[in-house]
Each structure stands twice: as structure tokens, then as C-alpha cells.
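Encoded as C-alpha cells, the structure appears first; notes follow it.
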Amino acid sequence: MRSREAATRVLVLNSGSSSLKYQLLDMRDGSRLAVGLVERIGERTSALVHTPRASDGDGKRERTGRIADHTAALEAVAAELAHDGLGLDSPELAAIGHRVVHGGLRFSAPVLIDDDVLAEIERLVPVAPLHNPANLMGIRTARALRPDLPQVAVFDTAFHTTMPEYAARYAIDTATADAHRIRRYGFHGTSHAYVSRRTAELLGRDPSEVNVIVLHLGNGASASAVEGGRCVDTSMGLTPLEGLVMGTRSGDIDPAVTFHLKRVAGMSVDEIDELLNKKSGLAGLCGDNDMREIQRRIDEGDERARLAFDIYIHRLKKYIGAYCAVLGRVDAVVFTAGVGENAAAVREAAVAGLETFGLAVDAGRNAVRSDEPRLISPDGARTAVAVVPTDEELEIARQTFALAGEDRTLIS
Ligand code: AMP
């Protein structure tokens with residue numbers, strides 16, 4: 001029997017349809033022992049990039065060659081980890097944490113994975129056809145490799161299960177909605193949970209005391225209203241398509257646009273799906289989905305890029321205003337993810353003109369680049385504006401370790 005004290009590592013796996021991202025963390029201090037990514041799984045040339053001791057970035061190793069499936073991908077990852085003395089058979093590995101996109105209504109918290117949990121994730125495939133099958137592949141592969149190890153599913157939807165019914169339901173026929181489990185689930189929950197908690201810490205207050213609007217602005221983007229540590233509204237819905245303008249997704253749109261595209265433009269449902277998820281948003285508006293490129297084009301006087309930026313900001317402002325109304329009292333508006341953490345111009349434009357809501361940005365503070373959580377509002381502002389880098393892997397590892405730790409108490 002292993003001593004619990006010795007097992008302090010958690011492997012976090014994030015399986016996509018043709019990719020596998022992983023991080024090995026030491027839960028004594030949250031440090032990364034290794035991070036990596038396998039891409040183009042199943043294609044002719046797959047690639048594995050593995051970086052041990054990511055904190056100093058030394059010793060990055062890259063391999064190319066065909067990796068046929070997720071089992072082969074995880075075996076390749078295991079070999080890289082073993083090369084660094086961090087193999088999956090190490091007694092120091094406490095658990096594996098899996099990012100699972102859709103947990104439906106049943107999973108409001110992380111769970112230890114068993115056959116019943118796997119069956120439920122499978123049952124949710126119709127509402128998450130792109131994500132849950134890939135997540136299941138990662139889980140099955142990891143269980144086959146280490147059947148004795150606690151494995152935990154951490155759901156993107158879990159943080160949003162506290163939304164009141166009036167925020168979660170669409171105003172459509174109830175019987176139809178219930179028959180097909182159509183409701184607003186929300187996504188990016190692990191990030192919203194982590195960032196809202198870290199924001200409370202930054203303010204020096206308990207999460208139960210503060211109301212926060214979290215703006216997760218990455219290639220995918222979502223906003224949430226968090227009241228005393230509980231999510232009360234979020235911008236993504238049944239799928240990640242609803243809400244903000246994103247890199248390639250339209251966000252909110254009149255549903256009749258889809259009928260119109262089918263009836264008048266003669267597009268198939270799959271073509272419309274592809275249009276709204278992959279060819280819309282910033283990319284659809286101006287041809288670029290990377291905010292750095294859009295800013296560069298704006299600086300050169302490009303009108304299409306300017307309009308795309310203005311549409312993006314207009315939607316963001318509408319959500320900030322809406323969530324001020326939902327929360328009543330707002331203690332902080334916080335920016336996170338690739339755009340939110342790095343694009344000072346987006347942060348400045350998003351709160352410009354919102355002084356009536358107590359919102360303002362200090363230009364000097366907003367311009368500072370840092371990996372640390374920080375306030376960018378002026379001293380004495382009624383509502384804090386902050387930048388808090390997200391860390392979904394650390395949050396998944398933390399939740400996994402908390403649960404697997406309990407499990408290990410039972411078994412040791
Ligand atoms: P994420 O999905 O959180 O990894 O965010 C990716 C997006 O962040 C990219 O598509 C860019 O639009 C944006 N991004 C990353 N770095 C910067 C930067 N330095 N300035 C502006 N946008 C950035």
C-alpha cells in the first residue's frame with residue numbers, strides 16, 4: 001500500500017477530437033513538472049511537443065510521425081514522461097483529471113469516474129457531439145493504462161449548474177425542451193470558477209461576499225455573472241455558440257437567420273452549423289480571428305478590421321450592462337484568457353463610457369503586461385476592473401486532487 005503523502009502529482013488530460021493536451025502538476029505547490037500537446041492524431045503526420053519543467057521552458061522535445069489514435073497518443077505521452085522519470089507507473093502519481101466539456105444537469109461537481117459516470121457522459125453525446133466523444137476516448141485510454149488509479153472528470157458545465165431556472169431555460173415549448181434536454185448549460189465553467197475565486201482573493205475578500213462579472217475572452221469567449229461565488233448567468237447556452245462574438249463563432253443571432261439560410265440560400269443544416277461555428281465571428285467579419293492581427297490592421301487604417309473590432313466590443317458592452325442588471329451590485333469586472341489577458345485595447349474599449357456603472361480603467365495600469373492577477377481600475381473606483389490570468393489545468397488538478405485524495409483515504 002502506498003503512502004498518501006508520497007502521491008502528490010496529478011496528470012491533467014484535455015482530449016480533443018484529434019488532439020491531446022496534458023500537464024503533470026505537483027500539488028504541493030501547483031508547479032508544472034511537464035506540459036505537452038499531441039496534434040493531428042489519426043492523420044498522416046502527427047506531432048508531439050513535450051516540455052519538461054515548463055516553468056523554465058528548457059528541454060522542449062518535438063516528435064513527428066503517425067500517431068494512429070488516442071491510445072497511441074497517450075502511450076507516446078507516457079513514454080515522454082517516463083523519459084523524464086515521471087512515468088505513469090510512478091507511485092507519486094495520485095490521480096488523472098480529465099476535462100469533460102458537457103456534464104449536463106447531473107454533474108454539478110467533479111466526480112470519480114466509474115462505469116456509471118462513463119455511461120452518463122456517453123448519454124450526453126447528443127448535446128455535445130463534437131466534444132464528449134473525444135473526452136470519452138481520453139478517459140477510456142487512461143483507464144486502460146492505469147485501471148487502479150483514481151480518475152476524475154471535471155466538467156466545463158458544472159460551475160453553471162447553479163443558474164436559476166429563469167436564466168437557464170429558453171422561452172420555448174417546455175415539453176419539447178425537456179424531451180431533448182434543450183436548455184442553457186454554459187461552458188468554460190472551470191475558468192469562470194477559478195477566475196472568480198482568484199478575483200475575490202485579489203480584492204482580499206471571501207468569494208461568498210463578492211459579485212463578479214467574468215469575461216473569458218479567448219478564441220472561444222463567454223461572460224458570466226457570479227454572485228457570492230455562485231454562477232447566476234452565463235452567455236453560452238445549449239452549445240458554445242451563444243453569446244459573445246468569438247474568434248470564429250457568431251455568438252447571439254436571430255434564430256430565424258438559420259431558417260433563412262436554409263430556405264432562401266439553400267444551405268444544409270451542416271453547412272449552417274459550419275458557417276456559424278467556424279466561419280463567423282471575427283474571422284467571418286474581417287478574415288482574421290487573431291486579435292493581434294486585427295489590431296495591427298486597425299493601426300494601418302483597415303476599415304473591415306475596425307468594424308469587426310467595434311462589433312466585438314459592442315456585444316461585450318451589452319453583456320457587461322446586462323450582468324450589472326442581473327447582479328445589482330458589482331464588485332469587480334474581470335478579464336481573462338488570450339484576448340482578455342493581453343489586449344489592453346479591448347479592455348479599455350469594453351469599459352469606455354460605462355462610468356455610470358462605476359467602471360473605469362487606469363491607462364497606465366491597463367498598459368502593464370504581467371502574468372499576475374492585477375487591478376487596472378483607478379484607486380477608489382466603485383467597481384474594480386481586474387485582469388486575472390486563467391489556469392484551467394491548475395483548477396482541474398486541484399479539483400481532481402481534492403476528490404482523489406478523499407478516495408485514497410478510503411482505500412489506504
Ligand atoms: P485562448 O483561446 O485563450 O488561447 O486565446 C487565444 C486568442 O488570444 C488568440 O486567437 C488571440 O486572438 C488572442 N491573443 C493572444 N495573445 C494576444 C496578444 N498579445 N494580444 C492580443 N490578443 C492576443
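Every read-out reported here was derived from the displayed coordinates using simple, explicitly stated rules and does not represent laboratory data. What you are looking at is a predicted structure, and each value in this text was computed from that prediction instead of being measured. Cβ atoms come from the backbone with ideal geometry, glycine included; neighbour counts cover every protein chain shown.
A few points about this structure:
- Between Ser17 and Ala171, the FRET efficiency from the beta-carbon distance, with R0 = 41 Å, is close to 0.80.
- Candidates Thr71, Thr190, Thr157: whichever shows maximal mean-square fluctuation once the chain is modelled as a Gaussian network with Cα springs under 10 Å: Thr71
- Principal-axis tilt of helix 132-145 within the chain, Cα atoms, nearest 10 degrees: 20
- Reachable lysines from Lys60, criterion Cα separation under 18 angstrom, eight or more residues apart if same chain: Lys21
- FRET efficiency, 1/(1 + (r/R0)^6) with R0 41 Å, evaluated for Glu303 and Ala109 via beta carbons: 0.30
- Among Leu145, Thr176, Pro164 the positive-end extreme of the charge dipole of the stretch 119-177 (Cβ point charges): Leu145
- The separation of the stretch 241-320 from the stretch 164-185, counted between C-alpha centres, amounts to 26 Å.
- Note on Lys262: aspartates and glutamates with a C-alpha under 17 Å away, same-chain residues under 8 apart excluded, are Asp254, Asp270, Glu271, Asp273, Glu274.
- Counted charge near Asp270, where neighbours are those whose Cβ lies closer than 12 Å (Asp, Glu -1; Lys, Arg +1): -1
- Within the chain, DSSP assigns beta bridges of which about 70% are antiparallel (rounded to the nearest 5).
- Distance from the stretch 91-142 to the stretch 359-387 (C-alpha centre basis), Å: 37
- Dipole moment magnitude, nearest 20 debye, the stretch 196-332 about Cα centre, only Lys, Arg, Asp, Glu C-beta charged: 120
- Long-range HN-HN contacts of Thr234 with modeled amide H, under 5 Å: Ala225
- A helix-only calculation puts the chain at -11500 deg cm²/dmol for mean residue ellipticity at 222 nm, using -39500 (n - 2.57) for each DSSP H run of at least four residues, averaged over all residues.
- Positive-end residue of Ala308, Ser370, Thr336, charge dipole of the stretch 305-371 with Cβ unit charges: Ala308
- Judged by the ratio a/c of the largest to the smallest principal axis of the C-alpha gyration tensor, the stretch 170-316 counts as oblate, that ratio being 1.5 or greater while a/b is no larger than b/c.
- The DSSP beta bridges internal to the stretch 30-185 are antiparallel in roughly 70% of cases.
- Relative to the dominant Cα principal axis of the chain, helix 269-278 is inclined by about 90°.
- Computed about its Cα centre, the charge dipole of the chain is approximately 280 debye, with only Lys, Arg, Asp and Glu carrying charge at their Cβ.
- Backbone N atoms of the stretch 356-371 closer than 17 Å to the 7 Å Cα→Cβ label point of Arg205 belong to residues 357-360.
- Whether the stretch 115-247 is rounded, prolate or oblate, judged on the alpha carbon gyration tensor where a/c under 1.5 counts as rounded: oblate
- Taken along the Cα-to-beta-carbon direction at a fixed 7 Å, the label points for Asp26 and Lys60 span 2.3 nm.
- Taking Cα atoms only, the orientation of helix 70-83 departs from the longest principal axis of the chain by about 70 degrees.
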